[in-house]
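> The structure's right below; bear with me while I get my questions together.
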Amino acid sequence: MLKCASCEGTDFLHDEDDTVYCSICASRTYKATGELCLVKCPYCKKKTTEKAAYCKMCGNWIADRI
């Protein structure tokens, strides 16, 4: 059974092919590994959600920069 790597929830997960999106905590988890989908923001250098349009930490637009 799939679960969110951030909040460990099993409800409110949405299939996105290679990942699942959790509506509870707004995180994505890789289906293959069960790990969070994180990348380093090119602006603040902190880890943020891989498929996000904006960095959760600094608020900069990152969709076209990753």
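> Do any chymotrypsin sites (Phe, Trp or Tyr not before Pro) in the stretch 7-66 lie in a loop, going by DSSP, with at most 15 other beta-carbon atoms within 10 Å of their beta carbon, and if so which?
Phe12, Tyr43
> At a probe size of 1.4 Å, how large is the accessible area of Leu38, to the nearest 10 Å²?
The accessible area comes out at roughly 80 Å².
> Follow-up question, since we're still on this one. For the chain, build the charge dipole from Cβ charges (+1 Lys, Arg; -1 Asp, Glu) around the Cα centre, then report which of Ala63, Phe12, Tyr30 sits farthest towards its positive end.
Value computed over the given set: Ala63.
> Probe radius 1.4 Å, ligands and nucleic acids ignored: give me the carbon and sulfur share of the accessible area of the chain as a rounded percent.
Whole-percent figure for carbon plus sulfur exposure: 50.
> Work through the residues other than Thr29 whose Cβ is under 15 Å from its Cβ and net out their charges, Lys, Arg +1 and Asp, Glu -1. All intermediate terms of the calculation are to be shown ahead of the outcome.
Working: positive: Lys3, Arg28, Lys31, Lys47, Lys51; negative: Glu8, Asp11, Asp15, Glu16, Asp17, Asp18, Glu35, Glu50.
Computed value for this residue: -3.
> Still on this model: With a probe of 1.4 Å, find how much accessible area the chain has per residue, and write the answer as a whole number in Å². Let's see the in-between values first.
On the way: 4470 Å² over 66 residues.
Heavy-atom SASA per residue in the chain reads 68 Å².
> Okay, moving on. Given R₀ = 22 Å, what would the calculated FRET efficiency be for Glu8 paired with Lys40, taking r from the Cβ atoms and rounding to 0.05?
Computed FRET efficiency for Glu8 and Lys40: 0.35.
> Separate question: If the rule is a partner Cβ under 4.7 Å, which cysteines in the chain fail it?
Singleton cysteines: Cys37.
> Given +1 on the Cβ of Lys and Arg, -1 on the Cβ of Asp and Glu, and no further charges, what dipole in debye does the chain carry about its Cα centre, rounded to the nearest 20?
Using Cβ point charges on Lys, Arg, Asp and Glu, the chain gives about 460 debye.
> Follow-up question, since we're still on this one. Show me the GluC sites (Glu not before Pro) within the chain that DSSP assigns to loop and that have at most 13 other Cβ atoms within 10 Å of their Cβ.
In loop regions of the chain (DSSP not H, G, I, E or B), the sparsely surrounded GluC sites (Glu not before Pro) are Glu8, Glu35.
> How long are the three semi-axes of the equivalent ellipsoid of the chain, in whole Å, if each is the root of 5 times an eigenvalue of the C-alpha gyration tensor, listed from largest down? Each step should come with its number before you reach the end.
On the way: eigenvalues 98, 24, 19 Å².
Value: 22, 11, 10 Å, ordered largest first.
The values are calculated or read from the model by the stated rules, or taken from the named source; none is laboratory data. Since we're looking at a predicted model, the values are computed, not measured. Note: ideal-geometry Cβ built from the backbone for every residue, glycine included; neighbour counts use all protein chains shown. Calculation scope for accessible area: heavy atoms of the full protein, side chains included, ligands and nucleic acids excluded. Shrake-Rupley method; radii C 1.70, N 1.55, O 1.52, S 1.80 Å.
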